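Laboratory data are not the source of any read-out in this text; all were calculated from the coordinates shown. Keep in mind it's a predicted model, so treat the numbers as computed, not measured. Here the Cβ positions follow ideal geometry from the backbone for every residue, glycine too, while neighbour counts run over all protein chains shown.
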Amino acid sequence: MTSARWDCFDMTIEINETHDPSLQSWIESANDPATDFPLQNLPFGVFRRKQGVEPPRVGVAIGDRILDVARAHRYWDLGEAGAACDAPMLNPLMALGAPAWSEVRRALQSLLGTRGLMATAAREHADELLVPQDQAELRLPAQIGDYTDFYASVHHATNVGAMFRPDNPLLPNYKWVPIGYHGRASSIVVSGNPVRRPAGQRKAPDAAEPSFGPSRQLDYELELGAFVGPGNPLGESVPLADAESRIFGVCLVNDWSARDVQAWEYQPLGPFLAKNFATTIGPWVVTLEALAPFRAPVFRRAEGDPAPLPHLFDPSNETQGGLAVTLEVWLRSEAMRAAGTEAVRVSHGSFVDMYWTLAQMLAHHTSNGCNLRPGDLFASGTVSGATADSRGCLLELTRRGKEPLALPGGEQRGFLEDGDEVILAGWAERDGFRRVGLGRCAGRILPTGGAPQPGDGTPATSVRRVES
Ligand code: MN
């Protein structure tokens, strides 16, 4: 619907004055070097004040606060994008496209920075415009029409393939085509929601027949998700050079996976009930403009790997299609929680290790004319690197449960137990720039069966920076 205005838009967002590391906010917590949400980040989300009856609304994270964007737009003209934020979801903002997102980023920086008249005036309205994050309930950032999950880490694909098909770990299509499957949008939940252990058909290798019951091999997958911006009309593909202009921003994604169900059901059509029972996403969507200082070259292909086909090749993608975002998994069991033990980090990887870039995923997704719409979500697939400590799921980390993780207090984990809480974190940093973060994506496992009860929600666990 808005594709015409994009035809001449150069995809690459440059580093500009909004990334100046010396910019400070009048909100002190935003100047803390450790915050995920400095003035240079300004990720979008949807929140509701816990007190009161106000419907959910668009907010921007700043330090330990949330700015109510639509309310700010009543006082100051935040442009077309400011008006689009008067909604309980980000879809209208996502539909506008990068010039409008850039414009509102600049306006919000003027409002929340320390320079200029707008900041002085905003300060006077601080009580009305800002909500402490601990007094807000964060919602799904968008109404997600469609959800696709890719499989873009060659390390993950090789490790998993070796377990499912020891003789044939990496299938011959892998280095030619960004592999993906259509996921389930209706079961995507935002961080903090509990996740029920799914029941399903699973068949042990030595069993004569499958049986039905609670999954015994419940796992997480550490992923990065991308929200689609303006999208593309049905029948019109998006060239790789334009692909990033269709991406609003990125968030954390946990693609919960029942490995025993998956192993039995996945051939010949791929994942189904092993994946669609829940996907948890982080509440904050970090724009590509905020990530401009953290771009990286595309994955360096091994000698002998094929060059990408023309629809997956673009010089700009080669030099800066990658994203230097660090991603982590933290785990806290019920026993650890009872003992007051903090979550432990079980793995950490980098998005630079992905074989395909987000732009290649989007271009490929539309290469047959498939239409993507504002608010659609696609996720990268498990982010795993070459080293053992960068494996982004338990299937890989514990070699399908054979080499369990040791947790503080003497527990062991091959796969997730009821009561386990999985917390994903992500951030980008580089000399000369402010660190920006993606926040947290947390979910706790409930036993199979029944509806969630009040109080089942994930307790707010602080992630202390201790390595396992
Ligand atoms: Mn996945």
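Our analysis of segment 147-260 gives Rg over Rh at 1.02, with the two radii drawn from alpha carbon positions and Rh computed by the Kirkwood formula. The magnitude of the dipole of the chain, with charges of +1 and -1 set on the Cβ of Lys/Arg and Asp/Glu and taken from the Cα centre, is near 680 debye. For segment 37-58 and segment 106-146, compute the distance between their C-alpha centroids and round to whole Å. Cα centres, segment 37-58 to segment 106-146: 7 Å.
Karplus-based coupling profile of segment 72-82, in residue order and whole Hz: 4, 5, 5, 8, 10, 6, 9, x, 3, 5, x, with θ = phi - 60° in 6.51 cos²θ - 1.76 cosθ + 1.60 and x standing for Gly or Pro. Stretching SER211 away from THR387 to a fully extended chain increases their span by 59.8 nm, per 0.36 nm per residue minus the current alpha-carbon distance. In the chain, a dipole from Cβ-located charges (positive for Lys and Arg, negative for Asp and Glu) runs towards its positive end, and of PRO194, THR279, ASN368 it is PRO194 whose Cα lies farthest in that direction.
Divide the volume of the convex hull around the Cα atoms of segment 385-437 by the residue count and you get 119 Å³ per residue. The stretch between TRP76 and GLN51 holds 6.5 nm of extra length on full extension. This uses 0.36 nm per residue minus the Cα-Cα distance.
When ARG300, ARG373, ARG440 are ordered from fewest to most other Cβ atoms inside 10 Å of their Cβ, what list results?
Details: ARG300 9, ARG373 19, ARG440 22.
With the fewest neighbours first, ARG300, ARG373, ARG440 line up as ARG300, ARG373, ARG440.
In straight-distance terms, cross-link reach from LYS50 covers every one of the aspartates and glutamates whose alpha-carbon lies under 13 Å from its own, apart from those fewer than eight places away in the same chain; here that gives ASP134, GLU137. Pair-distance distribution of segment 312-374: all C-alpha pairs, bin width 10 Å, starting at 0; shares per bin in whole percent are 18, 29, 23, 17, 12, 1.
Do any chymotrypsin sites (Phe, Trp or Tyr not before Pro) in segment 97-182 lie in a loop, going by DSSP, with at most 16 other beta-carbon atoms within 10 Å of their beta carbon, and if so which? Don't skip to the answer; put the middle values down first.
Working: sites: TRP101, TYR147, PHE150, TYR151, PHE164, TYR174, TRP176, TYR181; in loops: TYR151, TYR174, TRP176.
For chymotrypsin sites (Phe, Trp or Tyr not before Pro) across segment 97-182 that sit outside H, G, I, E and B with at most 16 neighbouring Cβ atoms in 10 Å, the list reads TRP176.
Near ARG196, the amide H atoms lying under 5 Å from its own belong to LEU446; only residues 5 or more places off or on other chains count, and H is placed 1.01 Å from N.
Proximity of backbone amide H atoms, modeled 1.01 Å from N, is registered between SER347 and VAL329 at under 5 Å, excluding neighbours fewer than 5 places apart on the same chain. Here each label is just a point 7 Å from Cα along the line to Cβ, and for ASP86 and PHE164 those points are 4.9 nm apart. Cα extents for segment 351-452 along the principal axes, largest to smallest and rounded to whole angstrom: 49, 44, 27. Computed over segment 30-83, the range of Cα coordinates on each principal axis works out to 32, 28, 16 Å, biggest value leading.
Ranked from largest, the principal axis spans of the Cα set of the chain equal 73, 55, 38 Å.
Using the alpha-carbon positions of segment 83-124, Rg (one decimal) and Dmax (whole number) come out as 12.1, 32 Å.
Reported to two decimal places, what Rg/Rh ratio describes segment 299-426 when computed on Cα atoms with Rh from the Kirkwood expression?
On the way: Rg = 18.4 Å, Rh = 17.1 Å.
Result: Rg/Rh = 1.08.
Residues of segment 357-389 with an amide N closer than 18 Å to a point placed 7 Å from the Cα of GLU236 along the Cα-to-Cβ direction: 362-376.
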